[in-house]
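Take a look at the structure set out below.
The values are calculated or read from the model by the stated rules, or taken from the named source; none is laboratory data. Quantities reported herein were computed from a predicted structural model and do not represent experimental measurements. Neighbour counts run over all protein chains shown; Cβ positions are idealised from the backbone, glycine included. What goes into the accessible areas is simple: the full protein's heavy atoms, side chains included, and nothing from ligands, DNA or RNA. Shrake-Rupley method; radii C 1.70, N 1.55, O 1.52, S 1.80 Å.
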Amino acid sequence: MKKLKLNITRVLVAILVLTSFVACDEVGDTDPGGTSTESMAGDWYVQTLVNGVVVHDYALISTYNTAANDGKEFWIDDHGNVWDFKVKSPATVSSLSFAGSNLASSVDGYDVTVNITDGKVTKNDTKSSGGHTVDGISFKATFSDDDNPGTVYEIKGYKRTGFPEDEH
């Protein structure tokens with residue numbers, strides 16, 4: 001019986017030693033890297049203005065990479081907070097700019113086309129509501145189903161910080 005316990009203990013120690021070597025084995029580079037539009041991507045708190053007057057106070061929108069990951073376009077998604085649109089906009093990552101005409105949006109069967117002009121992301125030059133220096137975003141948009149055709153909506157704001165004083 002003692003011999004059996006001793007053999008079991010030896011086997012368990014051997015397994016422990018062998019698995020410790022396997023568990024510490026590093027397998028190449030584990031850094032997944034970034035996306036082609038990561039410098040322009042994020043969650044943003046934006047205001048919507050018409051002729052300089054705020055018509056919709058702070059709302060959350062998102063910008064993010066497309067599946068193509070080619071740096072030529074990215075998604076702009078307002079999550080139903082501004083106009084209920086989600087479009088792939090052409091983008092120029094090197095100048096942090098974006099714009100596009102007749103961009104198709106279909107959100108839950110709601111179809112609209114969007115024109116975006118003067119789109120830009122700026123680095124560390126905008127103040128959040130809480131006074132933090134953050135990235136900014138701004139663009140102008142028109143919508144095909146607007147009751148007032150030709151109305152230009154200026155959408156501008158700052159990158160979400162996660163600080164409670166900046167949440168809206």
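Report yes if some residue within the range 31-42 is modelled with pLDDT of 95 or more and within 20 Å of E154 (Cβ to Cβ); otherwise report no. Within the range 31-42 (the criterion being modelled with pLDDT of 95 or more and within 20 Å of E154 (Cβ to Cβ)), the answer is yes, since at least one residue qualifies. Looking across the range 20-30 at every residue that is open to solvent by 70 Å² or more (accessible area, probe 1.4 Å) and part of a helix (DSSP H, G or I), the one that is modelled with the lowest pLDDT is identified as A23. Within the span defined as the range 92-110, one or more residues are touching a helix residue (DSSP H, G or I) at 6+ places or on another chain (Cβ under 8 Å) and not β-branched (V, I, T). In the range 66-165, counting only strands (runs of 3 or more DSSP E) that sit wholly within it, the ones holding 1 or more residues that are open to solvent by 30 Å² or more (accessible area, probe 1.4 Å), closer than 19 Å to T35 by Cα and of a type outside the set (D, E, K, R) span 73-77, 86-92, 97-107, 110-127.
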